[in-house]
Amino acid sequence: MEAIFKRRSVREYLNKDVTDEQIQKILHAGMSAPSAGNEQPWHFVVIKNKQKLEELTQLSPYAKMLNAANLAILVCGDLNRQKHEGYWMIDCAAATENMLLEITHLQLGAVWLGVYPRIERMKYLKEFFNLPANVEAFSMLSIGYPINSEAIINRFDASRVHLENW
Ligand SMILES: Cc1cc2nc3c(=O)[nH]c(=O)nc-3n(C[C@H](O)[C@H](O)[C@H](O)COP(=O)(O)O)c2cc1C
């Protein structure tokens, strides 16, 4: 699958809007992820407002690229939807990666901004978006049209593969 090998973190974007049709495809990809017991505990907050995107750079010292993004999506987990306790964040990670792959496939670019398990970032986003008590912020994607095409890196490492036994 080409998108898996092409995907790189993209932190510089053109000032061009991602269309609602593209956003729909990205969300559809997120919701197509596998989840423990098929619990699908995710919710997504779509942010297009430039002022909000600028404010969200306060999330962490590593979120400055949101200044240049015309779109961000916050991936959240609904703790009330857990069938198997402790899996919501794993499900949300699968959804996040699915979205990154669809973004690559659409020839857009994105970077995964770490939220969970940093309590202060989760709290900041919970207050920022007024999330319900049972909903936790997991990750944020900063999305846009890439300015540069990032190099494809081959990370295959035979030393990490163990045949039949360690
Ligand atoms: C859980 C997680 C958290 C991350 N948090 C950030 C972040 O806060 N800011 C950022 O610029 N990149 C972040 N990244 C992106 C990584 O830096 C990036 O994936 C890594 O350097 C490998 O580069 P690549 O994505 O281009 O393959 C995060 C990635 C993951 C999986």
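The values are calculated or read from the model by the stated rules, or taken from the named source; none is laboratory data. Quantities reported herein were computed from a predicted structural model and do not represent experimental measurements. No Cβ is skipped: glycine too gets one built from the backbone with ideal geometry, and neighbour counts run over all protein chains shown.
For this structure, a couple of remarks:
- Odd one out for D91 among (1) surrounded by fewer than 16 Cβ atoms within 10 Å (Cβ to Cβ); (2) within 19 Å of the chain's Cα centre (by Cα); (3) within 17 Å of H43 (Cα to Cα); (4) not hydrophobic (A, V, I, L, M, F, W, C): (1)
- Of the candidates A110, A68, the single residue that is crowded, with 16+ Cβ neighbours inside 10 Å, within 13 Å of the ligand (Cβ to nearest atom) and within 10 Å of the chain's Cα centre (by Cα) is A110.
- Of the residues examined, L56 is one that is of a type in the set (A, V, I, L, M, F, W, C) and surrounded by 16 or more Cβ atoms within 10 Å (Cβ to Cβ).
- Contacts under 7 angstrom Cβ, first residue in the range 40-62 being in a loop (DSSP other than H, G, I, E, B), partner buried (at least 16 other Cβ atoms within 10 Å of the Cβ) and of a type in the set (G, A, S), 6 or more apart: P41/S35; P41/G77
- Only one of E85, E120, E127 that is outside any loop (DSSP other than H, G, I, E, B), without any contact (Cβ under 8 Å) to a residue 60 or more places away in the chain and more than 16 Å from the ligand (Cβ to nearest atom): E127
- Flag for C76 being at pLDDT 95 or above, closer than 24 Å to K123 by Cα and in a strand (DSSP E or B): yes
- Whichever residue in the range 1-36 is within 13 Å of I143 (Cα to Cα), among the polar types (S, T, N, Q) and in contact (Cβ under 8 Å) with a residue 40 or more places away in the chain and, among such residues, is nearest to the ligand (Cβ to nearest atom): S9
- Any chance E150 is within 13 Å of the ligand (Cβ to nearest atom) and more than 15 Å from the chain's Cα centre (by Cα): yes
- N49, sole failed condition from (1) at pLDDT 95 or above; (2) farther than 20 Å from Y145 by Cα: (2)
- Among the residues making up the range 98-107, those that are within 13 Å of the ligand (Cβ to nearest atom) and in contact with a Lys or Arg (Cβ under 9 Å, 6 or more places away or on another chain) are L100, L101, I103, T104.
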